[in-house]
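The values are calculated or read from the model by the stated rules, or taken from the named source; none is laboratory data. Only a predicted model underlies this, so the values are computations on that prediction, with no experimental measurement involved. For neighbour counting, all protein chains shown are included, and Cβ atoms are generated from backbone atoms with ideal geometry for every residue, glycine included.
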Amino acid sequence: MTGGPTWFPVALSIDVPSHSPTGTYLHGEPIVLWRDPAGAVHAWADRCPHRGMQLSLGFLREGRLACPYHGWRYDAEGRCTHIPAHPEVVPPRAMSVERLGARESQAIVWAATGDASISAPAAVEQWRPIRSVTARRSASAVQDALASSMPGLDIEGDALPFPGSGLMVHSVAAGKFGLALQPLGPDLTAVHAVHCGDASVRDLIAFSRRLADLRDACESMRFSSRA
Ligand code: FES
C-alpha cells in the first residue's frame, strides 16, 4: 500500500455510539468520530467551518452531525446542508468539514490522513473489544512496558488490513489479544485491547486486569523505557 494512507487506531468500535459524536485525537489533533444512519463511522477534524466550535460537543439530527453553537448540520460527505438561522439558504460547497479516512476492523476504529479513498480489505478474523485504558506515559514508554511484560508480542503489520497500523498481537492458547496504541499527547497514550479466539469471559477479565496493572506499573516507572 505504498503511497496510500497509513491507518491509526483512534477508538474501540463500541466506544463510538450511534446516537452521539465522540472526540479523540489523531497525531495530537482533535478529531470527531460519529456514525451515520447506516452505521458507517466517520472521522473529521473536530472543528466547525463556521466559527471553529468543537463538533464533538454537537449532536445528531436527521442523519447529520450538528454543531452545538449555531446548529449548522453536516452530512456524511462533510458538506453543510442546513443553517437554522437561514433555512432558505443552500450552503455553498466550500462550507465543508475537513474529512479523514475512517474504517473499522478488529473491533477498532482506524483513521487516516492522506488518500483515504483507497479501499481496505475486511479483516478475516472475528475480533471482540475488551477495553481501552489510558496511561500517563508516552507511546514508546507504553510499548516498552508491554514488550517487557508480554514476551513474544508481535507487530503483525504486514498481516493486517491496514499496514502501518502497528497492532501488537499477543498469542495465547485461547487465541490472540490485540493491543493498539493511540498517542493522545506527548505523555498520554490510550491502549485499545481486543481479542480473537475462544477465550472465556474469565480470561478476558483477567487480561483486562493485567492491562490495568500494567498501566499502573508503567505510570509508576517500574519499567525502563526509551522515553
Ligand atoms: S460555530 Fe458551528 S455553526 Fe457556528
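Some observations on this one:
- One residue from S20, S56 being over 15 Å from the mean Cα position of the chain (by Cα) and in contact (Cβ under 8 Å) with a residue 12 or more places away in the chain: S20
Matching residues to (1) within 30 Å of G101 (Cβ to Cβ); (2) polar (S, T, N, Q); (3) modelled with pLDDT under 85:
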| site | (1), (2), (3) |
| --- | --- |
| A141 | yes, no, no |
| I155 | yes, no, yes |
| L160 | yes, no, yes |
| H192 | yes, no, no |
| S200 | no, yes, no |
| A212 | no, no, no |
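- Members of the stretch 55-68 found to be small (G, A, S) and either more than 16 Å from the ligand (Cβ to nearest atom) or under 21 Å from P92 (Cα atoms) (or both), listed by number: G63, A66
- Test for I108: is it touching a residue at least 12 places away in the same chain (Cβ under 8 Å), in contact with a Pro (Cβ under 8 Å, 6 or more places away or on another chain) and within 30 Å of W127 (Cα to Cα): yes
- There is at least one residue in the stretch 73-82 that is of a type in the set (S, T, N, Q) and more than 28 Å from I108 (Cβ to Cβ).
- Of the strands (runs of 3 or more DSSP E) lying entirely inside the stretch 168-227, those containing at least 1 residues that are closer than 14 Å to S138 by Cα and not hydroxyl-bearing (S, T, Y) are 175-185, 188-197.
- Restricting the stretch 69-89 to residues that are surrounded by 15 or more Cβ atoms within 10 Å (Cβ to Cβ) and assigned to a loop (DSSP other than H, G, I, E, B) leaves a set whose member that is farthest from the ligand (Cβ to nearest atom) is A76.
- Residue identified as within 12 Å of the ligand (Cβ to nearest atom) and in a loop (DSSP other than H, G, I, E, B) among G52, G39: G52
Residue-by-condition table, conditions (1) under 22 Å from S132 (Cα atoms); (2) assigned to a loop (DSSP other than H, G, I, E, B); (3) modelled with pLDDT of 95 or more; (4) within 16 Å of the ligand (Cβ to nearest atom):
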| site | (1), (2), (3), (4) |
| --- | --- |
| G3 | no, yes, no, no |
| F8 | yes, no, no, no |
| I14 | yes, no, yes, no |
| H19 | yes, yes, yes, no |
| L33 | yes, no, yes, no |
| W44 | yes, no, yes, yes |
